[in-house]
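Have a look at the structure below, then the notes.
Derivation of every value follows stated rules applied to the coordinates shown; laboratory data play no part. These numbers come from a predicted model, not from an experiment. Note: ideal-geometry Cβ built from the backbone for every residue, glycine included; neighbour counts use all protein chains shown.
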Amino acid sequence: MPDLEGFHYRATSSTDTRPPFLLLHGSNRDETELPPRAETAAPGWPYLSLRGPIPWESGYAFFRRNPDRTLDHADLALQTERLTPSSKPQSRAACSPVRRSSWVSPTAPSSPPP
């Protein structure tokens, strides 16, 4: 697993060579919330579950909110850069397609939206 200086995280074995699922919890949560769900969705697959850096109510968040709970867009941009310092935007065509799981309801569209 990568060295994530400045981040508190939980991860599975560092000897697994498969790319890990990146788990990012919601506001007022922490890094312990999603690993059980990842294990249910993909048993045995490696994961990296980050804790948001901002104390928020009784948990943590990855970005700040305004008093009315709307997004603080300036902080969102800052925290996004912190999570992805070397990434560059990719065109949609460059992204690999997402596979749908077998649990998707029969009424769901069979292909991703354009």
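The length gained on full extension between ASN66 and THR17, counted as 0.36 nm times the residue separation minus their Cα-Cα distance, comes to 13.6 nm. When the square roots of the Cα gyration tensor eigenvalues are ordered a ≥ b ≥ c, the ratio a/c for the range 2-61 is 1.5 or more and a/b does not exceed b/c, which makes its shape oblate. Using R0 = 35 Å, the C-beta based FRET efficiency linking GLU81 and THR32 works out to 0.85. Can you give the extra length, in nm with one decimal, that the chain gains between ALA41 and LEU24 once fully stretched, where that is 0.36 nm per residue apart less the Cα-Cα distance? Length gained between ALA41 and LEU24: 4.6 nm. Backbone amide hydrogens, once placed in the peptide plane, bring THR12 within less than 5 Å of TYR47, excluding anything fewer than 5 places away on its chain.
Quote the FRET efficiency, to the nearest 0.05, computed for ARG10 versus HIS73 with a Förster distance R0 of 30 Å and r equal to the Cβ-Cβ distance. It comes out at approximately 0.55.
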